[in-house]
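Reading through the structure tokens given below for one structure.
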Amino acid sequence: MHKGTVKLAPSILSADFACLGKQVSEAQEAGADRIHVDIMDGHFVPNISIGAPIVQSLRQVTRLPLETHLMISDPDFFLDEFTEAGSSSFLVHWEGNSNLHRTVQRIKALDRRVGVALNPATPATVLEEILQDVDQVLVMTVNPGFGHQRFIHTTLPKIRRVREMIAEIKRDCDLEVDGGIDATTAPLVVDAGANVLVAGSAIFGDREGVAAAMKGLRAAVDK
Ligand code: DX5
Ligand code: ZN
């Protein structure tokens, strides 16, 4: 992957929610390409997080795309609400969705970008019949549900495989990774073919602050 084209997507899951607007503005100023918003329902993943009202508030404080990662059962029920709140794109999981094609088409009908997310144990091959319909693929590099987990190195061959699959269909399709991305793991995933990096704790949990963390991550990718 050409390093200059790598995009950074700070995940607000690790942000300080008492000053969320400020944290997102800092990320924007520091060169974030999009803001990654993790939605969890306590069913699809063993954790709960936030809902559409937060997206609505964030829409007022940033011009960046708000990428909405739906870690929820029955995502179709919530697409309208998040769209009205200001979500720019949706990432929906392959796992647990027996009507993924319908979900993808619904998102497209809402005129939003759509991506399919794969958990670490899910093979790249499940993308074969859906890849041509999506704008991006999200390879989870941890099991979803929590920030600050350790990067799972066995996902690297899958990232390479997905990059090959995208090249085969010759479509403009982002390959994003999510979980355990920091200055050490970022070069590995970029080398494997990722062009969008989600990072939560590495950006919002850095003692030096958001701007310094973003700079460090960007430098690690550019090295
Ligand atoms: C995990 C979420 C991630 C999370 C990543 O289920 O999907 O977006 O915020 O956090 P870090 O970067 O700390 O692993
Ligand atoms: Zn996420």
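The values are calculated or read from the model by the stated rules, or taken from the named source; none is laboratory data. Since we're looking at a predicted model, the values are computed, not measured. For neighbour counting, all protein chains shown are included, and Cβ atoms are generated from backbone atoms with ideal geometry for every residue, glycine included. Heads up: the accessible areas ignore ligands, DNA and RNA and are worked out on the full protein's heavy atoms, side chains in. Shrake-Rupley method; radii C 1.70, N 1.55, O 1.52, S 1.80 Å.
Computed quantities for the displayed model
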read-out: Residues that are crowded, with 20+ Cβ neighbours inside 10 Å and free of Cβ contacts under 8 Å to residues at least 60 places away in the same chain, drawn from the stretch 125-138; value: 127, 134, 137
read-out: Test: residue in the stretch 116-129 that is part of a helix (DSSP H, G or I), modelled with pLDDT of 95 or more, touching a Lys or Arg at 6+ places or on another chain (Cβ under 8 Å) and within 30 Å of residue 215 (Cα to Cα); value: no
read-out: Residue match in the stretch 183-198 (condition: modelled with pLDDT of 95 or more, open to solvent by 10 Å² or more (accessible area, probe 1.4 Å) and within 14 Å of the chain's Cα centre (by Cα)); value: yes
read-out: Given (1) open to solvent by less than 10 Å² (accessible area, probe 1.4 Å); (2) in contact with a Lys or Arg (Cβ under 9 Å, 6 or more places away or on another chain), number of the condition residue 203 does not satisfy; value: (2)
read-out: Residue count for the stretch 109-148, restricted to those that are within 20 Å of residue 190 (Cα to Cα) and within 15 Å of the chain's Cα centre (by Cα); value: 16
read-out: Filter result (within 9 Å of ligand 1 (Cβ to nearest atom), at negative phi and in contact (Cβ under 8 Å) with a residue 60 or more places away in the chain) within the stretch 141-196; value: 144, 146, 147, 178
read-out: In the stretch 80-109, the residues that are over 18 Å from residue 138 (Cα atoms) and open to solvent by less than 50 Å² (accessible area, probe 1.4 Å); value: 82, 83, 85, 86
read-out: Residue that is nearest to the chain's Cα centre (by Cα) [pool: residues in the stretch 199-223 that are not acidic (Asp, Glu) and not in a helix (DSSP H, G or I)]; value: 199
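To keep it simple, each residue is scored yes or no on (1) part of a strand (DSSP E or B); (2) open to solvent by less than 10 Å² (accessible area, probe 1.4 Å); (3) closer than 18 Å to residue 107 by Cα; (4) more than 11 Å from ligand 1 (Cβ to nearest atom).
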| site | (1), (2), (3), (4) |
| --- | --- |
| 39 | yes, yes, yes, no |
| 45 | no, yes, no, no |
| 69 | yes, yes, yes, no |
| 73 | no, no, yes, yes |
| 76 | no, no, yes, yes |
